[in-house]
Amino acid sequence: MSKKHTKISALNGPTSIAFTNTDKAETIADSLQNQFTLNNLTDTATENLVTHTINEFNKIDIFPPLPTPNPTDIIKYIRKVNIHKAPGSDGITNNMLKNLPIITLIKIIHIINDIFKHQYFPNSWRVAIVVPILKPGKDPTDPSSYRPISLLPTLSKVTEHFILTQLNEHLNNNNILIPYQFGFKPKLSTTHQLLRAVEFITSGFENRFSTGAVFLDTQKAFDRVWINGLIYKLISHKIPISFIKLITTFLANRQFKVRIRNSLSKLHHIQAGVPQGAKLSPCLYSIFINDIPQKHNTTLCIYADDTAILAKNKNLKYIASALNSHLKDLESWFIKWKIAVNPSKTELVLFSKRRKLNKEKIFLQNTEIPWSQETKYLGVILDAKLNWKSHINYVRQKFRDNCRKLFLLIARNSDMNLENKVLIYTAILRPVLIYASPTWAYACKSYFKLIDSCQNIVLRQISKTRCQRQIIVHRDSALPKNPSTRAEPASSPIHSHLDSATPDWTAVEDSTAYLYWTRLSTTRPAPESREERSRRSALQTKLNFENLRTSDTLSVSCLQFLPTGGTWPSGPRRTPNPIVSSRTENN
C-alpha cells in the first residue's frame with residue numbers, strides 16, 4: 001500500500017510563488033533557517049564571559065573516557081524500538097535495526113562505545129530530514145504556517161538514549177534541576193503542575209486572599225536556544241567535562257533538509273536551538289533555563305517552556321509590586337540569555353472571590369499587560385473565579401468535535417462490534433473528558449452533569465439503545481456511570497512535597513493517588529427487575545462478556561467494573577416498571 005502524503009498548496013516565497021515540490025521545499029527551508037537563528041538580544045558582559053569560559057574549556061587536552069553502556073542494555077533497547085517510526089536521512093528503519101543479526105549488532109555496539117570513548121558525535125547523524133505539517137487554522141500559503149517534524153537517524157536516537165540515561169543520573173544524584181520545573185521529569189505531569197497552581201490559588205481563597213498570575217509567552221523557545229550559552233551553563237553546573245565535550249559535538253554543525261513527497265531541498269545550517277525530535281533536547285533545555293530568577297514572595301510554575309508567576313495577598317498593591325519586581329528581574333535574565341518573550345501574548349489574570357477590585361498596572365518590557373478574565377494554561381482554562389464554567393464548555397465542544405470525526409465508526413448503524421466501539425471511546429474520546437480532572441474536581445454538580453451527559457449520548461450510540469435507563473446503558477458498555485467522579489482531596493497539599501530540592505516521592509504518591517483514574521466509580525448498581533435481568537442475560541450471551549473481560553485491549557479501569565461470572569449482584573426484587581416492561585417487550 002502506498003503512503004499517503006500531505007498535499008501542500010502553492011507557497012508565497014520572498015520573490016515568487018512556489019508551485020513545484022522542489023520550490024516548496026526550498027521555500028519552507030529558507031523560512032525554517034530564519035526560525036533557527038538567535039534572537040537579536042545583546043548583553044556584552046555576558047557574551048564576553050561565555051566566550052572566555054568556552055575558550056578556557058577548549059584548551060583542555062585530556063578528557064577522561066565516559067563509562068560505556070552495557071552491551072546487553074543496548075541489545076535490549078534495540079529489540080524494543082518502535083517499528084512504526086519513520087527513518088532519518090540514512091534510510092535505516094527501526095524494523096531493519098530490530099531484525100539485524102547478532103554479528104551486526106555487535107558492530108553497532110562497538111560504534112556506540114567508541115562514541116563514548118572519544119566523546120564525538122558523528123557528522124552524518126547530525127543531519128535531519130524535515131517534514132512540514134500545516135498548523136491548524138493557519139494560512140496554507142504562508143511558509144511559516146508549517147510545523148517542522150524532524151526525522152533523525154535511528155542509530156543517533158539509540159545513542160542519545162544512553163547519553164541521556166547517564167546525564168539524568170548525574171542531574172538527579174546532584175539535585176541540579178530546580179523543583180519548579182515539572183516538564184520532562186519522571187513521576188510528574190501537566191496535571192501535577194496544574195494542581196499545584198490551583199492549590200496555591202484556592203488556599204488564598206480560604207484566607208480571603210487574591211492571587212495575581214502572569215502567564216508568559218516565550219517565542220520559539222526550543223528553536224532559538226543560545227548554544228554557546230547552553231555550553232556555558234553545562235560548565236557552570238559542573239557537568240563532567242567528557243559529557244560537555246560529547247554534547248558540544250552533538251550540537252555543533254547541525255543541518256537539515258526539507259522533504260515534500262520525493263523532493264528534497266538543499267542542505268541548510270542550524271545556527272541556534274536544540275535539535276527538534278532529539279531525545280537529549282528536552283533535558284538540555286531544562287538545563288538552559290535552570291537559573292531562572294526566583295523570588296521569595298512569588299511562586300514559579302514551569303512546565304517545559306510554559307511559565308507562570310503567581311503572587312497572593314489581601315492587598316492588590318502588594319501583588320502588583322511582587323509581580324512587577326519579578327518581571328523586572330526576568331527581563332534582564334531574558335536579555336542576558338537571548339530569550340524572546342512576546343508581551344502582547346502574555347496573559348495576566350487576577351483570581352479572586354471579591355466583587356470590586358481596583359486592579360493595578362503590571363508591566364513587561366515597558367508594555368502594560370492587560371488584565372484578562374481567563375487564560376488557558378497547560379490545556380486547562382483557568383477563570384478568575386475558578387468556577388470552571390469556561391473549561392467545561394471548552395471540553396464539551398472539543399468532545400463533540402472529536403465525536404463528529406469518529407461518527408462513522410461509533411454510529412448506531414456502524415458494523416463495528418461493541419467491544420471495538422468501547423475501545424475507541426476509552427482510548428480517544430474519554431481522555432478528552434477527564435484530562436486533568438483532579439484539577440477541576442470541585443466544580444459544582446451541575447457542571448459534572450454536563451460532562452456526564454456527553455458520555456451518556458455517546459454510549460447510547462455505541463450500544464444502540466434509545467429509551468433504556470442509563471444504568472443499563474453503562475452496564476452494557478462495561479463502563480462506570482460518571483467519567484468525572486469527584487476526586488478525593490489530598491491528605492496534604494501537593495506543593496508542600498514538590499517545592500523542595502529533594503521531593504518526598506512517597507508523600508507525593510500518597511497525596512496524588514487520586515490522580516490516576518483507575519477507580520472512577522465504586523457505586524453499586526441498583527437491583528434489576530425480572531425483565532431487565534432477562535434482557536441482560538440475552539445480551540450477555542450475544543456479546544460474550546467473558547471474552548471482553550479477558551481482552552488485553554481494554555483498560556483495567558473499564559474491566560474492573562465488569563462483574564465476576566458475567567452477572568451482577570442480586571438484590572431484593574422490585575415490582576417491574578410497566579413502562580420499562582412494555583418497552584422491553586416491544587424491543
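Residues in region 379-403 that are among the aliphatic types (A, V, I, L, M) and under 21 Å from the mean Cα position of the chain (by Cα) were compared, and the one that is surrounded by the fewest Cβ atoms within 10 Å (Cβ to Cβ) is ILE381.
Within region 13-56, being without any contact (Cβ under 8 Å) to a residue 24 or more places away in the chain, surrounded by 14 or more Cβ atoms within 10 Å (Cβ to Cβ) and over 25 Å from HIS268 (Cα atoms) holds for one residue alone: GLU47. Of all the numbered requirements in (1) modelled with pLDDT of 95 or more; (2) touching a Phe, Trp or Tyr at 6+ places or on another chain (Cβ under 6 Å); (3) assigned to a helix (DSSP H, G or I); (4) of a type outside the set (D, E, K, R), ILE163 misses one, and that requirement is (2). If we scan region 201-208, do we find a residue that is among the polar types (S, T, N, Q), closer than 30 Å to ASN21 by Cα and out of contact with any helix residue (DSSP H, G or I) (no Cβ under 8 Å at 6 or more places or on another chain)? No, every residue in region 201-208 fails to be among the polar types (S, T, N, Q), closer than 30 Å to ASN21 by Cα and out of contact with any helix residue (DSSP H, G or I) (no Cβ under 8 Å at 6 or more places or on another chain). Can you name the residue in region 75-103 that is out of contact with any Lys or Arg (no Cβ under 9 Å at 6 or more places or on another chain) and within 18 Å of TRP125 (Cα to Cα) and, of all such residues, is surrounded by the most Cβ atoms within 10 Å (Cβ to Cβ)? Among those residues, the one meeting the criterion is LEU97.
Determine, yes or no, whether LEU100 is of a type outside the set (S, T, N, Q) and either under 24 Å from ARG254 (Cβ atoms) or under 32 Å from the mean Cα position of the chain (by Cα) (or both). When the stated conditions are applied, LEU100 does not pass them.
The set of residues in region 143-179 being more than 30 Å from LEU105 (Cα to Cα), in contact (Cβ under 8 Å) with a residue 40 or more places away in the chain and touching an Asp or Glu at 6+ places or on another chain (Cβ under 7 Å) consists of PRO179 alone. The single residue among THR22, THR68, THR72, THR46 that is of a type in the set (S, T, N, Q) and part of a loop (DSSP other than H, G, I, E, B) turns out to be THR68. Within region 447-467, restricting attention to residues that are outside any helix (DSSP H, G or I) and without any contact (Cβ under 8 Å) to a residue 60 or more places away in the chain, which residue is nearest to ILE410 (Cα to Cα)? Once the filter is applied, the top-ranked residue is LYS464. For region 198-223, which positions are of a type in the set (Val, Ile, Thr) and in a loop (DSSP other than H, G, I, E, B)? Matches in region 198-223: none.
Looking only at residues in region 245-268 that are of a type in the set (A, V, I, L, M) and surrounded by fewer than 21 Cβ atoms within 10 Å (Cβ to Cβ), the one that is nearest to ILE287 (Cα to Cα) is ALA252.
The values are calculated or read from the model by the stated rules, or taken from the named source; none is laboratory data. All of these numbers come straight from a predicted model, not from anything done at the bench. Don't worry about glycine lacking a Cβ; one is built from the backbone with ideal geometry, like all the others, and counts go over all protein chains shown.
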